[in-house]
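A quick write-up on the structure given underneath.
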Amino acid sequence: MAFNSYSLRNQFPILQQTAYGYPLAYLDNAATTQKPLFVLDAIQDYYRSFNANVHRGAHFLSDRATNRFEQARERVAQFIHAPENSHVIWSKGATEAINMVAYGLEHLLQQDDEILITSLEHHANLVPWQQLAFRTGARLRVLPLTSNGEWESEYQKYFTDRTRIFAATQVSNAIGVSTPLKTMIQEAKKYSAFTLVDGAQAVAHYPVDVEDIDCDFYVFSGHKMYGPTGIGVLYGKSQALEILIPYQTGGEMVRHVAYQATEFNILPYRLEAGTPHIEGAIGLAAACEFLIQQDRPALLAWEQKLANHVYTRLIKEGGIELYSPEKNTTLVSLSVPNIHTIDLNAYLDSKGVAVRAGSHCAHPLMAQLGVSGTLRASFACYNTLEEADQFCDVLLEAIEILGDD
Amino acid sequence: MTDFPTPCFPTPHAIKQQLQACRSKEETFKALVILSKALPRLSDEEKTEDNKIKGCESAVWLITVEDAGRRYFKADSDAKLMRGVLVAVISLVAGENQQTIQKMDLKSELAELNLSSYLTSSRSNGVLAILKTIGQN
């Protein structure tokens, strides 16, 4: 099947508009992606045809809603190659999923235990661990990955007998590099640490096989992979999920309640208190289906080609600092000396190009790079070569206008 | 007498004419770049944490000086567009007393200057935080 971003683009109604009279070039996909008709229709179909609360009422609509809700779980399990549907726990997003684990493992941590993260983490995979360390007296340690994400043998020394949790991103949101995930996970396993992978930036682009990664927990958000906001996933191995103390309690997650004690439900329900985000789960399953229907290697190759095209054009210009790698990434992250990225962003916006300027929720990484922020253009399957060029052209104009003193 | 008011500022009338003539976001951008050049930069000693305005993604420093009941302002930012916005804001309020400034509807005045997109609650700019600071006790 030949991949064509132009025909795929037609499935995204929001992209068929202009911004301030210019063609809208949406290049902020690492923040959130746009949604295809397939997902929009699935969400609307839920409300039009089978909205009811799940798992309780024994009636026509409730049965349909429950079936579709659990089918959604199955679809997501297939998408990430989880061996059992019950290994997929719904969350609000990657952030909540990480918090579920950080609170859920608290009872196992002691003074001077170590929690290890990498230096490429988004605040979502940093702050929950730091706060967990504060609460328990454990120490937060940072494995210093280079900005090209390479594994150095000296990194081994960061794993110790006290390492209880190792949490790492699969792909950096700020600079687009992939981390040496499997090497790190294998290393963590030697010390019997719990392992968590933040897949938020990976799922839209790369095939994910949680069994192959062999991590205890894998988290991601729906909205970064063509699904709706407010829904995400905590995948876990059975033993890992069983050990988590539910960080929220209430209805749905219980089997029997008395004033003296409560018996919790089995997985996955034990970790899903309250009425779930049914529409979100159905929308996310539709997004998985949408991606499964595509020629995914071709999509990834296209997104990487766009990023590489921009990289190659800009590196020739000189005077632009590039922080993302030349190849094997779907985004470009840059700064221009003496010009604020917010100013570049504002000019790009004025000509219809949507990108992101700032720290990308990764203050420590920005400090490592020696910048206060970067400008990030991140690509999705519906972006075109014209948009990549529009970004380069307008960026170069902006540098000329802003760099005159 | 301090070194206020800043003599090289364009008049509010001139600023109004320049900004109201802008027909697009791009033109407003270019006009703000030109305006930004009118803002004298602060020294490093003046860029203290105390003078920094919270809520801006770009760094913004604002110093208020009262002279015979009138308020004058010195300001700076590491972002050029923000310096342009600061020129526009300061031109509206410089030399007025606090009561007058507090009575002014600066949000509407800036909206009239085609700057309403800088008044959103987006975390990327803190113009609202600047307006709040300008009228503070």
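The values are calculated or read from the model by the stated rules, or taken from the named source; none is laboratory data. Note that the structure is a prediction, hence the values are computed from the model and not measured. We place every Cβ from the backbone using ideal geometry, glycine too, and count neighbours over all the protein chains shown. Please note that ligands, DNA and RNA were not included when accessible areas were found on the heavy atoms of the full protein model with its side chains. Shrake-Rupley method; radii C 1.70, N 1.55, O 1.52, S 1.80 Å.
For residue B:132, go through the aspartates and glutamates and keep the ones whose alpha-carbon is under 19 Å away, minus same-chain ones fewer than eight residues off.
B:49, B:50, B:57, B:66, B:76, B:96, B:105, B:109, B:112
Indicate the residues belonging to the stretch B:66-94 that lose 40 Å² or more of solvent-accessible heavy-atom surface (probe 1.4 Å) upon moving from the chain alone to the assembly of all protein chains, ignoring ligands and nucleic acids.
B:80
With a 1.4 Å probe and all protein chains left in place, how much accessible area per residue does chain A have, in Å²?
Heavy-atom accessible area per residue stands at 40 Å².
Pull out the extension gain between residue A:127 and residue A:296, defined as 0.36 nm times the separation in residues minus the alpha carbon to alpha carbon distance; nm, one decimal.
57.6 nm
Could I have the simple spin-label model distance between residue A:397 and residue B:20, label points 7 Å from Cα toward Cβ, reported in nm to one decimal?
Spacing of the two 7 Å Cα→Cβ label points: 2.7 nm.
Could you tell me what fraction of 2.2 N^0.38 Å the Cα radius of gyration of the stretch A:40-292 comes to, as a two-decimal ratio?
That ratio works out to 1.03.
Once the whole set of protein chains is in place, how much accessible area is left on residue B:70, using a 1.4 Å probe, in Å² to the nearest 10?
Its heavy atoms expose roughly 120 Å² to the probe.
Identify the residues of the stretch A:117-143 with backbone N under 17 Å of a label point that sits 7 angstrom from the Cα of residue A:111 along the Cα-to-Cβ direction, or state none.
A:133-140
Suppose each label sits 7 Å from its Cα in the direction of the beta carbon; what would the residue A:305-residue A:162 distance come out to in nanometres?
Distance between the two pseudo-spin positions: 5.1 nm.
Work through the residues other than residue A:72 whose Cβ is under 11 Å from its Cβ and net out their charges, Lys, Arg +1 and Asp, Glu -1.
The answer is -1.
Counting only protein heavy atoms, probe 1.4 Å: which residues of the stretch B:10-47 lose 20 Å² or more of accessible surface in the full assembly compared with their chain by itself?
B:25, B:26, B:29, B:30, B:33, B:37
On the accessible surface of the stretch A:76-139, probed at 1.4 Å, how many percent belong to carbon and sulfur atoms?
Carbon and sulfur together cover 48 percent of it.
Taking the Cβ-Cβ separation of residue A:259 and residue A:51 as r and a Förster radius of 30 Å, what is the calculated FRET efficiency to the nearest 0.05?
So, using R0 = 30 Å, E works out to roughly 0.35.
By the scheme Lys and Arg +1, Asp and Glu -1, what is the net charge of all other residues having a beta-carbon under 13 Å from that of residue A:86?
Charge balance near residue A:86 sits at -2.
At a probe size of 1.4 Å, how large is the accessible area of residue B:61, to the nearest 10 Å²?
For residue B:61, the solvent-accessible surface is approximately 30 Å².
For chain A, what is the calculated [θ] at 222 nm in deg cm²/dmol (nearest 500), taking -39500 (n - 2.57) for each run of four or more DSSP H residues and dividing by its residue count?
That calculation yields -11500 deg cm²/dmol at 222 nm.
Would you give the gap between the C-alpha center of the stretch A:51-66 and the C-alpha center of the stretch A:1-46, rounded to a whole Å?
Each part's Cα centre sits 32 Å from the other's.
Counting only protein heavy atoms, probe 1.4 Å: which residues of the stretch A:337-356 lose 10 Å² or more of accessible surface in the full assembly compared with their chain by itself?
A:340, A:342, A:343, A:346, A:347, A:349, A:350, A:351, A:356
Can you compute the charge dipole magnitude of chain A about its Cα centre, using +1 on each Lys and Arg Cβ and -1 on each Asp and Glu Cβ, nothing else charged? Give it in debye, rounded to the nearest 20.
Charge dipole of chain A: 780 debye, to the nearest 20.
On the protein heavy atoms, probe 1.4 angstrom, tell me the percent of accessible surface of the stretch A:192-291 carried by carbon and sulfur.
The value for the stretch A:192-291 is 51 percent carbon and sulfur by accessible area.
Quick one: helix A:278-293 against the long Cα principal axis of chain A, what's the angle to the nearest 10°, folded into 0 to 90?
With rounding to tens, the tilt is 60 degrees.
Rg(Cα) of the protein assembly as shown divided by 2.2 N^0.38 Å?
1.08
How long are the semi-axes of the ellipsoid equivalent to chain B, from square roots of 5 times the Cα gyration tensor eigenvalues, in whole Å, largest first?
Calculated on Cα positions only, the semi-axes equal 21, 17, 15 Å.
Mind counting lysine pairs for me in the stretch A:40-292? Cα separation below 18 Å, and the two need to be 8 or more apart along the chain or on different chains.
8
Label residue A:148 and residue A:238 with points 7 Å out from Cα along Cα→Cβ: what is the distance between them in nm?
Those two pseudo-labels are separated by 4.4 nm.
Of the cross-linked pairs B:47/B:103; B:37/B:74; A:327/B:80, which ones have a Cα-Cα span greater than 21 Å in the structure shown?
Going by Cα-Cα distance, B:47/B:103; A:327/B:80 fall outside the 21 Å limit.
Taking the 0 to 90 degree range and rounding to the nearest ten, how far is the long axis of helix A:94-104 tilted relative to the main principal axis of chain A, both from C-alpha atoms?
Rounded to the nearest ten degrees, it is 40.
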